1. If you scan the stretch 119-162, which residues turn out to be closer than 30 Å to SER92 by Cα, modelled with pLDDT under 95 and surrounded by 14 or more Cβ atoms within 10 Å (Cβ to Cβ)?
2. Would you mention how many residues in the stretch 44-78 are under 21 Å from ILE95 (Cα atoms), surrounded by fewer than 13 Cβ atoms within 10 Å (Cβ to Cβ) and over 17 Å from the mean Cα position of the chain (by Cα)?
3. Just to be sure before I move on: is ILE109 out of contact with any Ser or Thr (no Cβ under 7 Å at 6 or more places or on another chain), of a type in the set (A, V, I, L, M) and modelled with pLDDT under 95 in the structure I sent?
4. Quick check, is TYR86 assigned by TED's automatic domain parsing to the domain that holds LYS56 and either hydroxyl-bearing (Ser, Thr, Tyr) or touching an Asp or Glu at 6+ places or on another chain (Cβ under 6 Å) (or both)?
5. For the stretch 5-51, enumerate the residues that are modelled with pLDDT under 90, in a loop (DSSP other than H, G, I, E, B) and out of contact with any Lys or Arg (no Cβ under 8 Å at 6 or more places or on another chain).
6. If you take just the strands (runs of 3 or more DSSP E) that sit entirely in the stretch 110-168, which of them hold at least 3 residues that are under 23 Å from the mean Cα position of the chain (by Cα)?
7. Name the one entry in ILE121, ILE145, ILE162 that is in contact (Cβ under 8 Å) with a residue 60 or more places away in the chain and among the β-branched types (Val, Ile, Thr).
8. Looking only at the stretch 72-94, decide whether some residue is under 30 Å from ILE154 (Cα atoms) and charged (D, E, K, R).
Amino acid sequence: MRYLTPLNNDGRIMNNKLKIVEEIASKCAEDLNMEIISVDFVREYGMRILRIIARKEPVMSIDDSAALNRKISNELDKYDLFPDEYFLEVSSEGIEKELRTEDEIKAAIGEYICIRTNKKIMGKKQLFGYLLAFDDEKATLKTDIKDQTKIVEINREDILKIRLAVKF
């Protein structure tokens, strides 16, 4: 499970609370034939948001998200994990979902993706293209740069994030 940097100064306490939320959310999701992907507690535009991302095969509908939101909200109301006001946000991974595991990345070979890197590659820190290969050392991407199709190899240690992308 992935946790974002805690909002408060005592990261251990926040991480423990997020683990409790993960357990509660996972049980709720299981009851609805879903899976929890991530639990994050973030601040955006001055609002505190408990963000839970879930997955349901073959597809997660808005009604599924709403049902899971209600179920998790009802369970969280039994605890006082976050004394300050926050918003609960439950959603699906979306069409541009992050590929988190090696199996998910390898399953996306041939798909149009976005790779974000920690350093510039061919002048960019974010490359879009078709994933041709992925192994222990690198990802191979077929991309268009300055109206030219190029095959780019990106070292794994330079990859920050890989996600599916929509080609316009």
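1. LYS124
2. 5
3. Numbers: out of contact with any Ser or Thr (no Cβ under 7 Å at 6 or more places or on another chain): yes; of a type in the set (A, V, I, L, M): yes; modelled with pLDDT under 95: no.
Against the criterion (out of contact with any Ser or Thr (no Cβ under 7 Å at 6 or more places or on another chain), of a type in the set (A, V, I, L, M) and modelled with pLDDT under 95), ILE109 does not qualify.
4. Values: assigned by TED's automatic domain parsing to the domain that holds LYS56: yes; either hydroxyl-bearing (Ser, Thr, Tyr) or touching an Asp or Glu at 6+ places or on another chain (Cβ under 6 Å) (or both): yes.
When the stated conditions are applied, TYR86 passes them.
5. THR5, PRO6, ASN8, ASN9, ASP10
6. Values: elements: 112-121, 124-134, 138-145, 148-155, 159-164.
In the stretch 110-168, the matching strands (runs of 3 or more DSSP E) lie at 112-121, 124-134, 138-145, 159-164.
7. Working: ILE121 fails: in contact (Cβ under 8 Å) with a residue 60 or more places away in the chain; ILE145 fails: in contact (Cβ under 8 Å) with a residue 60 or more places away in the chain.
The match here is ILE162.
8. To start, the set of residues in the stretch 72-94 that are under 30 Å from ILE154 (Cα atoms) comprises 92-94.
Those left that are additionally charged (D, E, K, R): 93.
Taking every residue of the stretch 72-94 in turn, at least one turns out to be under 30 Å from ILE154 (Cα atoms) and charged (D, E, K, R).
The values are calculated or read from the model by the stated rules, or taken from the named source; none is laboratory data. Everything quoted here is computed from the prediction, not taken from an experiment. Reconstructed Cβ throughout: ideal geometry from the backbone, glycine too, with neighbour counts over all protein chains shown.
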